[in-house]
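The values are calculated or read from the model by the stated rules, or taken from the named source; none is laboratory data. The structure displayed is predicted, hence computed values, not measured ones. For neighbour counting, all protein chains shown are included, and Cβ atoms are generated from backbone atoms with ideal geometry for every residue, glycine included.
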Amino acid sequence: MDARISIITIGVKNLDQMTKWYADIFGWKKTNEEENITFLQLQHLMLSFYPIDKLADEVPISPSAKDAQGFTMALNMRSKEEVDAAFADLKAKGANIAKAPEEVFWGGYSGYVVDPENNAWEICYNPFLALAEDRSPTGWKQ
């Protein structure tokens, strides 16, 4: 597995308020106009805000862990096949697969693995995200 993070997603209670705060206070640039999620382009990675209740529904972990974990980290791959290969490798190593890769509602292909403290890693292919040679996100495909 490459030593990188593509996107950190924070589960938030008020998406509009969080988006505005990071744009106004930190001056970070919003990269999309989606209804239920915000992406901010940072240097070499993206920060994402997603409603906490939707995040809890997406990552199938125990209810007590949902209360404790309000974020995920993402490793974006170049294809569905790369996602499947990553999961095959993780499974062979005994990783805790929380959700096997599958087609997802937003048009990508995604699965989750969790570490021993239930920190969730999304490993996905996002056909709308442009990646540099080193797989760092560079923005959205037009």
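Numbers at a glance
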quantity: Residues (hydrophobic (A, V, I, L, M, F, W, C), within 23 Å of Gln41 (Cβ to Cβ), buried (at least 16 other Cβ atoms within 10 Å of the Cβ) and modelled with pLDDT of 90 or more) located in the range 83-130; calculated: Val83, Val104, Ile123, Cys124, Leu129
quantity: Some residue of the range 58-76 being more than 27 Å from Asp134 (Cα to Cα), modelled with pLDDT under 90, among the polar types (S, T, N, Q) and crowded, with 16+ Cβ neighbours inside 10 Å; calculated: yes
quantity: Subset tally (residues that are buried (at least 16 other Cβ atoms within 10 Å of the Cβ), among the polar types (S, T, N, Q) and free of Cβ contacts under 8 Å to residues at least 60 places away in the same chain) for the range 1-34; calculated: 1
quantity: Filtered residues of the range 9-63 (kept if under 26 Å from Asp115 (Cα atoms) and part of a loop (DSSP other than H, G, I, E, B)); calculated: Lys13, Ile37, Leu42, Gln43, His44, Leu45, Val59, Pro60, Ile61, Ser62
quantity: Number of the condition not met by Leu47 [criteria: (1) in contact (Cβ under 8 Å) with a residue 12 or more places away in the chain; (2) of a type in the set (A, V, I, L, M); (3) out of contact with any Leu (no Cβ under 6 Å at 6 or more places or on another chain)]; calculated: (3)
quantity: Pairs with Cβ under 6 Å, 6+ apart, first in the range 74-89 and part of a helix (DSSP H, G or I), second among the small types (Gly, Ala, Ser); calculated: Phe87/Gly111
